[in-house]
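In what follows, a single structure is set out as structure tokens and then discussed.
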Amino acid sequence: MRLACLQENLKRGLALAGHAVAGRSSLPVLANILLATESGRLKLAGNNLEIGITALVGAKVEEDGAITIPAKLLSDLVGNLPNDTVELEVDPRTQTLTVTCRGTKANIKGIDADEFPAMPALGDEPVLAYIPAELLRKVVGQVVVAAAAENTNPNPILQGVLIRLSGTQATFAAIDGYRLAVRTIELPEAVAHDAELVIPSKAMAELGRTLGDSENPIAMSITPNGGQVIFHSDTVDFVSRVIDGKFPDYERFVPPASNNTTRSVISTAEFSRAVKRIALFSQAAGNIVTLTMERGDGSEPGRLLLNANAAEIGESVEAISALINGDDGKLALNVRYLQEALGAIDTDQVALETQTPNSPGVFRPIGGDEYLHLVMPMRIP
């Protein structure tokens, strides 16, 4: 292999592929990045057997070839090179990569590319659906927060994000036993066929970071055995394993809107700021924040009261104007879950729907996305 490319492009490609490089593995090649020529461009790939990321970089290719090189060493070296043309040349006999840029010349020992795990490519499978990249990035941010962490729930299916494709809609959902996040989006065209799969939440979060900047819709396909899913953009391919198992019937946890006894409409920004302040006290009070909804009397608007009482440090009360429909209400929530629910809503106002202190709180954006974030209540002391 012999080629030349710009340092800034090479640096960016290594950074993308590097997100899929294994930190610790019994297979040395998984700590490497694959460098290979493909259709007149340089292909950079990382694969930790959970996810795989392939980035394509513009290059002037003089000779085709491939090699795998220690990812950290190569990334650190390229990151410290001047913003100029970088020449790469592989000696297949010694499996050595020579990196040249201005006055720098470095030889790096690698591993044969044949030892690198093969990854499926979009061209191998028909496209199942097209998802706008920016919308995908937003959806991922709204949903992954509700997936279970590995250290809190051993159930792999709850550590994933459900993707349900049907007609011209895609629904994304995550649930960890304490909260639920669901987002439905309209697709630019109907899916090839209905499908349902669960992807690890860590992979989904990485997907949002990797493909969010793409201008064209992301093409999605599934391998024939259903074990992997592929997301393809103009310059990046993202591959993730699919979690085997049945996702919970989350819809049964969502109380019908007709059962709500209290519906509060609040400024999202004011609500978020108040929660941020009161979290300073609730963290010393078992992370509990109590929400009290009080209707107005006609002359005065309704209000939402937030209270955190920590015996060791004191008490904090926040009062926010709110439009309260229905009865007065009370609800205690985990303050971190409350912060993350509000952080996933980007409309000016948010609706909080409640029934009883023992029922979940349901958050919905006002005049915005088809989004729902449910948080289970905590017991009020």
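The values are calculated or read from the model by the stated rules, or taken from the named source; none is laboratory data. Computed from a prediction, not measured in an experiment: that's the story for all the values here. In this analysis, Cβ positions are derived from the backbone assuming ideal geometry, glycine residues included, and neighbour counts consider all displayed protein chains. Just so you know, the surface numbers come from the protein's heavy atoms only, side chains and all, with ligands and any DNA or RNA stripped out. Shrake-Rupley method; radii C 1.70, N 1.55, O 1.52, S 1.80 Å.
Numbers at a glance
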item	result
Accessible surface, region 202-268, averaged per residue in Å² (probe 1.4 Å)	48 Å²
Directionally averaged projected area (convex hull, Cα atoms, the chain), nm²	22.9 nm²
Under 26 Å from LYS330, Cα to Cα: lysines that are on another chain or at least 8 residues apart	LYS276
Neighbour-limited loop hits for trypsin sites (Lys or Arg not before Pro), region 78-108 (at most 14 other Cβ within 10 Å; DSSP other than H, G, I, E, B)	ARG93, ARG102
Kirkwood hydrodynamic radius of region 22-95, from inverse mean 1/r over distinct Cα pairs, in Å	13.4 Å
Cα-Cα over 21 Å, subset of LYS11/LYS72; LYS11/LYS109; LYS138/LYS246; LYS43/LYS138; LYS43/LYS202	LYS138/LYS246; LYS43/LYS138; LYS43/LYS202
Percent RCO, i.e. relative contact order, over region 236-334, from Cα pairs under 8 Å lying at least 6 residues apart	30 percent
Unit Cα scatterers, Debye sum, region 1-147: log10 I(q)/I(0) for q = 0.11, 0.12, 0.15 Å⁻¹	-0.45, -0.53, -0.79
Per-residue SASA entry for MET376, accessible area with 1.4 Å probe, Å² rounded to 10	80 Å²
Centre separation in Å (Cα based) which lies between region 128-201 and region 215-252	10 Å
Sequence-separation-based contact order of the chain, relative, with Cα cut under 8 Å and 6+ spacing, percent	12 percent
Binned Cα-Cα distance frequencies in region 99-170 - 5 Å width, integer %	3, 10, 11, 12, 13, 13, 11, 11, 9, 6, 2, 0
Paramagnetic reach from GLU134 in region 331-352 [backbone N under 17 Å; point 7 Å along Cα→Cβ]	346-347
Label-point separation, ASP64 to THR347 (7 Å along Cα→Cβ), nm	5.3 nm
Acute angle (nearest 10 degrees) that the helix 7-18 long axis makes with the longest principal axis of the chain, alpha-carbon atoms	60 degrees
Solvent-accessible area of SER201 with every protein chain in place, 1.4 Å probe, in Å² to the nearest 10	20 Å²
Degrees, to the nearest 10: 133-143 long Cα axis against longest axis of the chain	50 degrees
For the chain, calculated [θ]222 nm from helices alone, where every DSSP H run of n ≥ 4 adds -39500 (n - 2.57)	-5500 deg cm²/dmol
For GLU62, solvent-accessible area (1.4 Å; no DNA, RNA or ligand), Å²	120 Å²
Positive-end residue, the chain charge dipole about Cα centroid, Cβ charges, pick of GLY58, VAL236, THR354	THR354
Radius of gyration and Dmax over the Cα atoms of region 255-347, both given in Å	13.5, 41
Taking all pairs of distinct alpha-carbon atoms in region 165-218, Kirkwood radius in angstrom	12.9 Å
Positive-pole candidate from LEU42, ASN9, ASN155, dipole of the chain, charges at beta carbon	ASN155
Net lengthening on full extension, VAL127/ALA190 (0.36 nm per residue, minus Cα-Cα)	21.6 nm
Label-to-label distance, nm, for residues given as ASN358 and ASN225 (7 Å Cα→Cβ offset)	4.8 nm
Computed over region 272-381: relative contact order in percent, which uses C-alpha pairs under 8 Å that are six or more apart	23 percent
Efficiency of FRET from Cβ geometry, ASN287 and GLU87, R₀ 51 Å, rounded to 0.05	0.40
Label-point separation, ARG273 to PHE253 (7 Å along Cα→Cβ), nm	3.3 nm
Region 94-242 - convex hull of alpha carbons, volume per residue in Å³	164 Å³
